[in-house]
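As C-alpha cells, the structure follows; a few thoughts come after it.
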Amino acid sequence: MKKTVTLTFSDGSPPIELPIEQGTYGTPVIDIRPLGAKGYFTHDPGFTATSSCTSAITYIDGEQGLLYYRGYPIEELAYKADHMEVCYLLLHGELPTAAQKQAFVDSISHHSMLHDQMENVFRGFRRSAHPMAVMIGVTGAMSAFYHEGMDIFDARHREIVAHRLIAKIPTVAAWAYKFNEGQPFIYPRNRLSYAENFMHMMFSTPCEDYEPNPVLARALDRIFILHADHEQNASTSTVRLAGSSGANPYACIAAGMASLWGPLHGGANEAVLKMLDEMGDVSRIPEFIKRAKDKSDSFRLMGFGHRVYKNMDPRARIIRQTCYEVLDALDLRDDPQFRMAMELERIALEDEYFISRKLYPNVDFYSGIIFRAMGIPSSMFTVMFALARTAGWVAQWNEMLADPAHKIGRPRQLYTGPARREFVPIGERTA
Ligand code: ACO
C-alpha cells in the first residue's frame, strides 16, 4: 500500500492527505501538488527540502559519501571509463558499446570547431574580460547561430544540441583564455582525445610543437568525469528552469554558466588558491587554522566542508590521488606552495575541530592545486568546471524535455509587501 501523510489544521479545516513517493534510493518525498487546489502553497526558500523534478541521472548520498551516475559509482567511472563514455552514459542512460563509443567520439570530434563568425563575438570583448564572462556571452551567442529549424521536442535535434555543446564548449573555454592572453586562437585537432584537444587549444601556439603530457591529460579527463554532474544544484536547476519555457538550449546553458560563476558554487577552487597565496608559508598554517576556528572571525578554511557531503566527498578522495600523480609528473612535490597545501590538509585532517564537524577537504581543494600545477590560471578555474558540467547540464535539459509531463517551472511566493493602497498624485506626496 502506498504511504501517505495527513496534514491537519489547528483551525479545524478539513485534513489533506498527501502521497509519499520513494525513489530508487534517498529521502522519501511528500507529493504536495494536491495542496495548490486546496488553497495552500508550501514555503521553502533555497529549496532546502524540496525536490524539483524526478531524475534518473545522478544520485548523491551525502551522509555515506556516495555519488552514482546512472547507477554506477563515481570511483568505477573515474578509474575504468573516460569522459566520452561518461558523457554518453549521462545522455543515454547506458555505457556505450565499443562501436557506439567510436560513433560518439567521431561525432564530438567533428563538432568541435566554432562557426567562423564566432571569432567576431570574442573580439567584441575587452581583452581583460573575465573568461567566465566571455564563456557566458559566447555560449549565449551560439543561440544566434543555431536557432532556426531546431525542434527541441524532437529527440534527434536534442541529441545534435548535446553533441554540439559537449564538443564546442572546450573550444570556447580555450579561446576565452587565448583571448585574455592576446594569443592567436588555436583550432581543435580531431586526432586528439577530448582532454588532449583542450590542452592543445589552451597551451599550444602556432610557433611551437606541443604534445600533451599523457599523465596530465588523464588527470584532466578524470576531473571532467568527477565534475560532469551533481544532480539538482543551482546551475543545473537554472538550466532546467530556463529550459522549461522551451527556450533556446544554448541560451539555457549560458544561464547555467552564469549561476555557476558565483563564489558559493563554482568559484570555490579559485578561493582555495587565493587563500594559499595569502598564507604564503607553512609557518603560517597554525594562524589560519586558529582563525578558521574562531567564531568571531568570518574566515573559513577554503576547500574544506561541503553542504551535502558530511563524509569525505568521494570525488575528493579520487582527485587527491590524481593531485599527487600530477605533482609527481611535473616534479612539483617539493614546490613550497604545494608542500604548504599538503601540510594544511594533513593538519586539518588530524584536528579535532575539523574531525568533529566532519569537515573534510573537498574536491575544490585539490582541483585548484592541480589546475595551478598544470599552468591554468585561477581565473580559468570556474571555466574548467563549466566545461566539465556541460555534459550534466545538457543531459538534465534533455531528460526534462523528453518527459511528456514536463511543465514550465513557476514557483509561488509568500507576499509580504504593502496591502492595497490608494494612488497619491505626485504633487500631493510627502517624503
Ligand atoms: N572552515 C572552518 N569552519 C567551517 C568550515 C570551514 N571551511 N566549514 C564549516 N565550518 C564549521 C562552521 O563554522 C560550523 O561550525 P559550528 O557548528 O561550530 O557553528 C560547522 O562547521 C558547520 O558548518 P555549516 O556552515 O553549517 O556547514 P554548511 O553545510 O552550511 O557549509 C560550506 C558548507 C558552505 C561548503 C562550508 O563548509 C564552507 O564555507 N566551506 C568553505 C568554502 C568551500 O570550500 N566551498 C566549496 C564547497 S564544495 C563545492 O562547491 C563543489
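Return the residues of the stretch 277-322 that are within 13 Å of Met340 (Cα to Cα) and of a type in the set (Lys, Arg); say none if nothing qualifies.
Residue satisfying the conditions is Arg284 alone.
Across the stretch 218-257, what is the total count of residues that are buried (at least 20 other Cβ atoms within 10 Å of the Cβ), assigned to a helix (DSSP H, G or I) and not charged (D, E, K, R)?
Residues meeting the conditions: 21.
Just checking, how many residues over the stretch 238-274 are within 16 Å of the ligand (Cβ to nearest atom) and of a type in the set (Ser, Thr, Tyr)?
2
Suppose the filter is more than 28 Å from the chain's Cα centre (by Cα), within 16 Å of the ligand (Cβ to nearest atom), part of a helix (DSSP H, G or I) and within 24 Å of Gly267 (Cβ to Cβ); does Ile319 pass it? Write out each step before concluding.
Details: more than 28 Å from the chain's Cα centre (by Cα): no; within 16 Å of the ligand (Cβ to nearest atom): yes; part of a helix (DSSP H, G or I): yes; within 24 Å of Gly267 (Cβ to Cβ): yes.
No, not satisfied.
Regarding Ser298, is this residue of a type in the set (Ser, Thr, Tyr), within 16 Å of the ligand (Cβ to nearest atom) and over 25 Å from the mean Cα position of the chain (by Cα)? Talk me through it step by step, then tell me what you get.
Numbers: of a type in the set (Ser, Thr, Tyr): yes; within 16 Å of the ligand (Cβ to nearest atom): yes; over 25 Å from the mean Cα position of the chain (by Cα): yes.
Against the criterion (of a type in the set (Ser, Thr, Tyr), within 16 Å of the ligand (Cβ to nearest atom) and over 25 Å from the mean Cα position of the chain (by Cα)), Ser298 qualifies.
Out of Phe179, Phe198, which single residue is outside any loop (DSSP other than H, G, I, E, B) and closer than 21 Å to Tyr366 by Cα?
Working: Phe179 fails: closer than 21 Å to Tyr366 by Cα.
Just one listed residue meets the conditions, Phe198.
When only residues in the stretch 12-36 that are aliphatic (A, V, I, L, M) and outside any loop (DSSP other than H, G, I, E, B) count, which is nearest to Lys407 (Cα to Cα)? So that I can check it myself, show each step before the final result.
Residues of the stretch 12-36 aliphatic (A, V, I, L, M): 16, 18, 20, 29-30, 32, 35.
Then drop every residue that is not outside any loop (DSSP other than H, G, I, E, B), which leaves 16, 18, 20, 29-30, 35.
Working: Ile16: 24, Leu18: 21, Ile20: 21, Val29: 19, Ile30: 19, Leu35: 17 Å.
Looking at residues that are aliphatic (A, V, I, L, M) and outside any loop (DSSP other than H, G, I, E, B), I get Leu35.
Table: residues versus (1) assigned to a loop (DSSP other than H, G, I, E, B); (2) at pLDDT below 95; (3) loosely packed, with under 10 Cβ neighbours inside 10 Å.
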{"position": "Phe385", "(1), (2), (3)": "no, no, no"}
{"position": "Trp393", "(1), (2), (3)": "no, no, no"}
{"position": "Trp397", "(1), (2), (3)": "no, no, no"}
{"position": "His406", "(1), (2), (3)": "yes, yes, no"}
{"position": "Gln413", "(1), (2), (3)": "yes, no, yes"}
{"position": "Arg421", "(1), (2), (3)": "yes, no, yes"}
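Using the structure shown, decide if Ser235 is within 30 Å of Gly71 (Cβ to Cβ), within 12 Å of the ligand (Cβ to nearest atom) and among the small types (Gly, Ala, Ser).
Numbers: within 30 Å of Gly71 (Cβ to Cβ): yes; within 12 Å of the ligand (Cβ to nearest atom): yes; among the small types (Gly, Ala, Ser): yes.
Yes.
Restricting the search to the stretch 343-379, which residues are under 27 Å from Leu260 (Cα atoms), in contact (Cβ under 8 Å) with a residue 60 or more places away in the chain and within 9 Å of the ligand (Cβ to nearest atom)?
Asn362, Val363, Asp364, Phe365, Ser367
The values are calculated or read from the model by the stated rules, or taken from the named source; none is laboratory data. Treat the numbers as computed from the prediction; the structure is a model and nothing was measured. Methodologically, a virtual Cβ is constructed for each residue, glycine included, from the backbone with ideal geometry; neighbour enumeration extends over all protein chains shown.
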